[in-house]
Each structure stands twice: as C-alpha cells, then as structure tokens.
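Peer 1: Next up is a structure, given as structure tokens.
The values are calculated or read from the model by the stated rules, or taken from the named source; none is laboratory data. None of these values were measured; they are calculated from a predicted model. Here the Cβ positions follow ideal geometry from the backbone for every residue, glycine too, while neighbour counts run over all protein chains shown. Ligands, DNA and RNA are excluded from the accessible area calculation, which covers all protein heavy atoms including side chains. Shrake-Rupley method; radii C 1.70, N 1.55, O 1.52, S 1.80 Å.
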Amino acid sequence: MMKRFPSLSLSLSSYGIGWSANKRTAIVALVVTVLLATAATVAWLSGNGNGHQGSDHAAPAPTGSPSSSKAAPKPATGSGSVPKPPQIAEPVAYAKAVAQMLWSYDTRNTNRDQQLAGMHAWMTKETKYADWASVSGQVPDPVLWSRMADQDQHATASVTEGHYPGAFKQALAEDPSAITKAYIYVVTVNGKQQIAWKKGGGGAEERAVTLAVQCRPNHDCALAAIAPSVTQ
C-alpha cells in the first residue's frame, strides 16, 4: 500500500511546536488571564500538546530554519487553492470557516509559499495579538511538502460543529466586559478530513482544533492563533 504522508491539519503539538513566547505572553496577558482564569484553562494554556483529537499518528518536526515558521509568507505568490477569508462577524461561524480552510489543501495546484500566503490572509492585522507561528507551523517543511506533491496529496474537510469551551463561557459570564480589550474569542471546532493521493489512496479522520479569533464590533472576524491543544 502506498505510504500516506502526514496531513496539514495535524496540531502544532504533533510537530513539537507551541505558541511563540512573545505572542503567548500578549494573548495570555490580554485575553486568557482575564477571560479564562480557571484551573482547567490554565492547564490548557500550559498544555503538553496531548489534547489534540482525531490524530493517531505522529508527524515529524519541520526541518526548516526557525525563522521560516515565524516570518510572513513571501508576497505576490498567489494563494493557490486556499480560499479567501469570508466576511463573517460572528466568532463561531468564522472559526468553523477557519477550520475547514486548515483541513483542506491541494498540493497538485498549490505550492508551499502559496499555502502560507493564503493562510496568512486569514490572520488579524493587529500584530499585538497575531501568533503567526502557531498557524504557519501547521504547514509541513519544504521537503515534506514536495513529497506530498509528488503523490498528488490533497484533502477536503467538513465541519460538524463549533462551540465556545465551557471555561471560556464561564469566565465570560462572570465578567462580560473583559472581552472588550481585544475582542478575542476562544472557539473549538470539530469535523472530518478526507485525504486522497495517487492510485486511489485515501482515508478519513476526525478532526478537532481550538482557535482564538478576533471579532471586533462592526468588523469582520480574523484568526489570532491556534491553540497547542484542544479544549472542549
């Protein structure tokens, strides 16, 4: 049977990558410390990366230089099959669209730079809150992407549901005004990914991801970060 290559949708914990120190400090200090001040959420943020659901295999760590996962993608590369971010102003709906984007890709018509450029377009422009490393780290290193392309690997995704984790809802109910600092919402999305490659190879997996999305009043939402583990 043809070997299956790791998919783009594996969690950062599978790659051995966490939120960058600077961005984690900003997000935790301005959002999570205020909104998610419960023991369960603190444990999640300090996460050991074991909370990802729907993946029963490990992926190798990216072999590119450290700056390759933190830098913005090269300009003017186009975005290939990566869809443009939708104009959505509701956190859960936007998070569901983000998850579908993350779990869908096509190496047959999209190179790695295009994939990164397309994903970057979904990010908040407020760099104070944007953890690009947590998002770009989802993309395999150039060598692995090339191997995936050699096999015409591509994936589609369906989203079954999205919701605010219990700790987030509880903290928000206790202090509704706290959200008005950064307007960043924590949303967990569940779904399924269908992967295919040459000669009829393929498979399907359940997926789950916890996202931080920014939805300021009277503005479309944007992605801020991907959590290192899933919380329900």
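Peer 1: Cβ-Cβ under 7 Å, sequence separation 6+ or interchain: first residue in the stretch 80-103 and open to solvent by 40 Å² or more (accessible area, probe 1.4 Å), partner among the hydroxyl-bearing types (Ser, Thr, Tyr) and not in a helix (DSSP H, G or I). Which pairs?
Peer 2: Gly80/Thr110; Ser81/Tyr105; Ser81/Thr110
Peer 1: Turning to a different aspect of this structure: One residue is enough: does the stretch 163-173 have a residue meeting the conditions in a strand (DSSP E or B) and either open to solvent by 50 Å² or more (accessible area, probe 1.4 Å) or more than 18 Å from Met101 (Cβ to Cβ) (or both)?
Peer 2: yes
Peer 1: Which residues, counting only those in the stretch 133-153, are free of Cβ contacts under 8 Å to residues at least 40 places away in the same chain and of a type in the set (S, T, N, Q)?
Peer 2: The one that is free of Cβ contacts under 8 Å to residues at least 40 places away in the same chain and of a type in the set (S, T, N, Q): Ser146.
Peer 1: Those residues that are assigned to a strand (DSSP E or B) and more than 14 Å from Val92 (Cα to Cα), I need them from the stretch 209-225; list them, please.
Peer 2: Ala225
Peer 1: Tell me which of these Arg207 doesn't satisfy, since it passes every other one: (1) without any contact (Cβ under 8 Å) to a residue 12 or more places away in the chain; (2) of a type in the set (Lys, Arg); (3) open to solvent by less than 10 Å² (accessible area, probe 1.4 Å).
Peer 2: Among (1) without any contact (Cβ under 8 Å) to a residue 12 or more places away in the chain; (2) of a type in the set (Lys, Arg); (3) open to solvent by less than 10 Å² (accessible area, probe 1.4 Å), Arg207 violates only (1).
Peer 1: From Val135, Val159, grab the single residue that is under 15 Å from the mean Cα position of the chain (by Cα), closer than 18 Å to Gln100 by Cα and buried (at least 21 other Cβ atoms within 10 Å of the Cβ).
Peer 2: Val135
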